[in-house]
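S.K.: After the structure tokens below, expect a handful of questions from me.
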Amino acid sequence: NTELNAMILGDPEDAIIGSYKINIIQPELLAIMKLNLGRERDLDDSFALLGSGKCDPKKFRSYISGLKNSLEDYDSLVQYEKLIIK
């Protein structure tokens with residue numbers, strides 16, 4: 001998914017590891033990527049991430065909306081988000 005990859009690379013989150021600043025994937029985009037893959041382990045990871053409180057619901061919804069035409073199962077991703085993020 002080139003649009004998702006572009007979002008991942010274009011909007012990284014900063015992390016400090018051992019005094020080094022590195023770019024990592026936004027948790028909302030990681031959840032979307034794993035939901036879109038649809039493998040059982042990825043779905044479990046995504047549900048855990050969405051339920052962890054580390055995902056911003058507004059950012060998640062914004063990313064989902066921006067990817068509407070490129071996600072394989074957009075409607076399911078919207079429903080997952082409604083079930084998990086409060």
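S.K.: Could you please find all residues in the range 28-70 being in a loop (DSSP other than H, G, I, E, B) and of a type in the set (A, V, I, L, M)?
M.R.: Once the filter is applied, which keeps residues that are in a loop (DSSP other than H, G, I, E, B) and of a type in the set (A, V, I, L, M), the range 28-70 yields only Leu67.
S.K.: Could I ask something else about it? Among Gly66, Gly10, Gly53, which is at positive phi and surrounded by fewer than 17 Cβ atoms within 10 Å (Cβ to Cβ)?
M.R.: None of the others qualify; the one that does is Gly53.
S.K.: Sticking with this one: I'd like to check something: does the range 17-27 contain any residue that is modelled with pLDDT of 90 or more, of a type in the set (Lys, Arg), open to solvent by less than 70 Å² (accessible area, probe 1.4 Å) and outside any loop (DSSP other than H, G, I, E, B)?
M.R.: no
S.K.: Check the range 71-82 and report whether any residue there is farther than 25 Å from Thr2 by Cβ, at pLDDT below 85, part of a helix (DSSP H, G or I) and not hydroxyl-bearing (Ser, Thr, Tyr).
M.R.: There is at least one residue in the range 71-82 that is farther than 25 Å from Thr2 by Cβ, at pLDDT below 85, part of a helix (DSSP H, G or I) and not hydroxyl-bearing (Ser, Thr, Tyr).
The values are calculated or read from the model by the stated rules, or taken from the named source; none is laboratory data. This is a predicted model, so every value here is computed, not measured. Heads up, the Cβs are rebuilt from the backbone with ideal geometry, glycines too, and the neighbour counts pull from every protein chain shown. Accessible surface areas use protein heavy atoms only, side chains included; no ligands, DNA or RNA. Shrake-Rupley method; radii C 1.70, N 1.55, O 1.52, S 1.80 Å.
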